[in-house]
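Q: Provided herewith is a single structure, encoded as structure tokens, for subsequent inquiry.
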Amino acid sequence: IVEDEDYDVEIKLNIADFSSLLVCAVTFNSLYKYGRAWISDESYLKKINNIFASDQKPICMTMF
């Protein structure tokens, strides 16, 4: 928790959802839509989604 309010928007989500977000397996919009993420100001929703967006989905290069 940040005591100093020098930020524009705050988001909250659990570590499992954050991991999925970082590897672009899910979008922030979908996490928000299904109640898995919280945002303090909905006007930043598109911006936050774009920050975590990627043109390429993760791929597995492990041979098995």
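Q: So Ile59 fits all but one of (1) hydrophobic (A, V, I, L, M, F, W, C); (2) over 10 Å from the mean Cα position of the chain (by Cα); (3) open to solvent by less than 70 Å² (accessible area, probe 1.4 Å); what number is the exception?
A: It is condition (3) that Ile59 fails.
Q: Going through the stretch 38-51 one residue at a time, which ones are among the hydrophobic types (A, V, I, L, M, F, W, C) and either farther than 17 Å from Asp8 by Cα or open to solvent by 60 Å² or more (accessible area, probe 1.4 Å) (or both)?
A: If we filter the stretch 38-51 for residues that are among the hydrophobic types (A, V, I, L, M, F, W, C), which is where we start, we get 38-39, 45, 48, 51.
Those that are among the hydrophobic types (A, V, I, L, M, F, W, C) and either farther than 17 Å from Asp8 by Cα or open to solvent by 60 Å² or more (accessible area, probe 1.4 Å) (or both): Trp38, Ile51.
Q: Quick one: which residue in Val26, Val9 is without any contact (Cβ under 8 Å) to a residue 12 or more places away in the chain, surrounded by 11 or more Cβ atoms within 10 Å (Cβ to Cβ) and not in a helix (DSSP H, G or I)?
A: Values: Val9 fails: without any contact (Cβ under 8 Å) to a residue 12 or more places away in the chain.
Val26 is the lone residue from the list that is without any contact (Cβ under 8 Å) to a residue 12 or more places away in the chain, surrounded by 11 or more Cβ atoms within 10 Å (Cβ to Cβ) and not in a helix (DSSP H, G or I).
Q: Could you run through the stretch 12-23 and say how many residues are surrounded by 10 or more Cβ atoms within 10 Å (Cβ to Cβ) and among the aliphatic types (A, V, I, L, M)?
A: Number satisfying all stated conditions: 4.
Q: Within the set of pairs 6 or more residues apart or between chains, which connect a residue that is on the phi < 0 side of the Ramachandran plot inside the stretch 51-64 to a residue that is among the aromatic types (Phe, Trp, Tyr) and open to solvent by less than 70 Å² (accessible area, probe 1.4 Å) with Cβ atoms less than 7 Å apart?
A: Pairs that qualify, where the first residue is on the phi < 0 side of the Ramachandran plot and the partner is among the aromatic types (Phe, Trp, Tyr) and open to solvent by less than 70 Å² (accessible area, probe 1.4 Å), are Phe52/Phe28.
The values are calculated or read from the model by the stated rules, or taken from the named source; none is laboratory data. Every value quoted in this text rests on a predicted model; they were computed, and no experiment measured them. Here Cβ is always computed from backbone atoms with ideal geometry, including for glycine, and neighbour counts include all displayed protein chains. Ligands, DNA and RNA are stripped out before the accessible areas are found, and what is left, the full protein with its side chains, is counted by its heavy atoms. Shrake-Rupley method; radii C 1.70, N 1.55, O 1.52, S 1.80 Å.
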